[in-house]
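The values are calculated or read from the model by the stated rules, or taken from the named source; none is laboratory data. This structure is a prediction, so every number in the text was calculated from the model and none was measured. Backbone-built Cβ (ideal geometry, glycine too); neighbour counts: all protein chains shown.
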Amino acid sequence: MKAIVDSFDRQIVPRWRDSAHTIGSPDLLPLRARKGVTEWESGIEGKAAALAEQQSIGVAADLANTAILLGRQDLLALAAKTLLASGAGSPEYLADQIRKQIERPMGEKEGGCPGQDTPRREEMANLRRQLILEPRNPVALMDLARLQATSGHREKAERLALQALALAPNNRWLLRSTSKLLTAHGKPDEAHRLLTRSGATISDPWLIAAELATAQASDRSPKFWRQAQSFLEAKAFAPTHLSELASAVGTFDVLDGKIKKAKERFHQSLKAPTENALAQMKWAEGKIRNGFHLEDLIFNDHQAYEAAFRTAYTERDMEKALVLAQEWMADEPFAPEPVANVTYVASLLDDYEMAVRSTERELRLAASREICILNNRVYALISGGKAFTDEQAGAELSDWVSNITRDLRENRIQDVGDQVHALANLGLLFYRAGDLELGRKLYDQASDLTKTAKARQTEGAVLTYHAREAILSKAPWATEIMERAKKSISASTLPGPTFYFAKVEALSKAPHKAAEILSRASAADFRINLPKVLPNYRVEKTENGLILWIPKKSK
């Protein structure tokens, strides 16, 4: 099994949510030069006073964004009077979203949760009708692009996103959303080129953060590195506008081994973090060996699905991690990362039905298939026995074997981790088919491949799964493989492999209880209850986002 969550090179690529769920997001707040603390901290009441003096759409929209962010229904209603007034001239898409926010209680999610896995036809039809009336509406075009991406229609989605950008080429949300779309489609180089060519990027910290992330994803040097450093050193904007930029710079520092600088940047990012920055910092915790204690911040951010998932996974609370991974998948239904992690955690829980179900969409949408997800699916089909009892699953497995052996033989698989996973799956298949010797040889090949620099941490996982099969098949070398797995896992810090090794270790002591141990019901028995550190931190919610007050270090 392979997990994106254990990948070392997470990038803080922008989130992409539809316009209804983006209203109120900090990255829609206007940039203001920070001349002094009092200016950027002027409160929501000040914005309401400004609207009373200047009845403009811009001021009203700013107040509406902040009111939604802070849950102030009264001030949202005040802003709506200006935005929805007869003859106000508000863009129809903005007026429509404000009406929706007023009609439903604060904090209630439209349609249950953002980003349904199977987009509603009605939603697509509504957007198409809206585009007949407003064919040059970039927001409607981008929302339709998101639905097309969720449905697996990649070319249509990209074409619609570029049409939207042509109508509003300097719009931050459109640029960041399109860069996310292209990156999710495996085109980070195109996403990076889009951002470097935009005239808006050099003066906007949100866009520079995206430029740095896509540069990392495409293995390129960032174009606006100096400008990023300048913004962060000068603290020219409110902390919420610098959060993702500080995370992006800190990520480069981690990868370059500049741990001290990385800590400074990630601490700067914590002053008013976005949920994306929280996820990046959760990733960074294990890399710089200095816990940030983000749990309160994550708990208070209702959209921090990935960060909350990473927290639960790190604590080896796999039941909770699975639920959160599913919420993350609903939030970003077009992206492969959450799907891969749902299948991975479900398999750690030995819930193979769940693992298989979560990949059904990927199977249907051939154009968007990811090798990691398909390998996880095959692992679940074999481990759960469905590959041997279901005719359709057996045919699918046969096709996979033909394709994967060809790809391995012709060196078509670029990622070492995917090569390891494919070989391990073949080993699993032959163990279950009764050819123990061939199964062992294939697992050994996978184990040998992990010794390369890019897959070294996966050796413990390969040996753990090999030990499981050796024990279940009563192979004479089961004890030997188990000892090797134990030695390798003892040097591992990855939560998933250590969690599953605990299961296999219990299996080695009581193989007659295999059905009980290798089940979802046993999850609580193999979770490590980590001690809770209670730092003297204070979390405060402001119009600029959540702020973590960090105590000064003693001299």
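A compact table of results
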| read-out | value |
| --- | --- |
| TYR313 vs. criteria modelled with pLDDT of 85 or more and not assigned by TED's automatic domain parsing to the domain that holds SER151 | yes |
| Extreme residue, surrounded by the fewest Cβ atoms within 10 Å (Cβ to Cβ), among residues of segment 322-353 that are free of Cβ contacts under 8 Å to residues at least 60 places away in the same chain and over 19 Å from the mean Cα position of the chain (by Cα) | GLU353 |
| Filter result (buried (at least 17 other Cβ atoms within 10 Å of the Cβ), among the aliphatic types (A, V, I, L, M) and at pLDDT below 80) within segment 71-94 | LEU94 |
| ASP407 vs. criteria assigned to a helix (DSSP H, G or I) and loosely packed, with under 14 Cβ neighbours inside 10 Å | no |
| Failed condition for GLU319, given (1) at pLDDT below 90; (2) not assigned by TED's automatic domain parsing to the domain that holds VAL462; (3) not aliphatic (A, V, I, L, M) | (1) |
| Boolean, SER473 is modelled with pLDDT of 90 or more, of a type in the set (Gly, Ala, Ser), closer than 25 Å to TYR352 by Cα and surrounded by fewer than 20 Cβ atoms within 10 Å (Cβ to Cβ) | yes |
| Yes/no for THR450 being free of Cβ contacts under 8 Å to residues at least 40 places away in the same chain, in the same structural domain as TYR344 (by TED's automatic domain parsing) and buried (at least 22 other Cβ atoms within 10 Å of the Cβ) | yes |
| Top-ranked residue in segment 185-231 [being of a type in the set (Ser, Thr, Tyr), more than 19 Å from the chain's Cα centre (by Cα) and part of a helix (DSSP H, G or I); ranked as surrounded by the most Cβ atoms within 10 Å (Cβ to Cβ)] | THR201 |
| Identity of the residue in segment 232-242, touching a residue at least 60 places away in the same chain (Cβ under 8 Å) and of a type outside the set (Gly, Ala, Ser), that ends up surrounded by the fewest Cβ atoms within 10 Å (Cβ to Cβ) | LYS235 |
| Matching entry among ALA307, ALA393, ALA340 (being of a type in the set (Gly, Ala, Ser), in contact with a Lys or Arg (Cβ under 6 Å, 6 or more places away or on another chain) and modelled with pLDDT of 85 or more) | ALA393 |
| Test: residue in segment 490-502 that is surrounded by fewer than 13 Cβ atoms within 10 Å (Cβ to Cβ) and without any contact (Cβ under 8 Å) to a residue 12 or more places away in the chain | yes |
| Of all residues in segment 322-335 being in a helix (DSSP H, G or I) and aliphatic (A, V, I, L, M), the one that is modelled with the lowest pLDDT | ALA330 |
| Yes/no for LEU175 being within 30 Å of ASP415 (Cβ to Cβ), in contact (Cβ under 8 Å) with a residue 40 or more places away in the chain, buried (at least 24 other Cβ atoms within 10 Å of the Cβ) and out of contact with any strand residue (DSSP E or B) (no Cβ under 8 Å at 6 or more places or on another chain) | no |
| Count of segment 500-512 residues which are more than 20 Å from ALA380 (Cα to Cα) and either assigned to a helix (DSSP H, G or I) or β-branched (Val, Ile, Thr) (or both) | 6 |
| Pair list, Cβ < 8 Å and 6+ apart or interchain, from segment 369-391 residues that are closer than 15 Å to LEU423 by Cβ to residues that are hydroxyl-bearing (Ser, Thr, Tyr) and assigned to a helix (DSSP H, G or I) | ASN376/THR343; ASN376/TYR344; ASN376/SER347; TYR379/SER347 |
| Some residue of segment 454-476 being part of a loop (DSSP other than H, G, I, E, B) and among the aliphatic types (A, V, I, L, M) | yes |
| Long-range neighbours under 6 Å by Cβ, at least six apart or interchain, first residue closer than 12 Å to LYS180 by Cα and free of Cβ contacts under 8 Å to residues at least 40 places away in the same chain within segment 203-225, second β-branched (Val, Ile, Thr) and surrounded by fewer than 24 Cβ atoms within 10 Å (Cβ to Cβ) | LEU207/THR201; GLU211/THR201 |
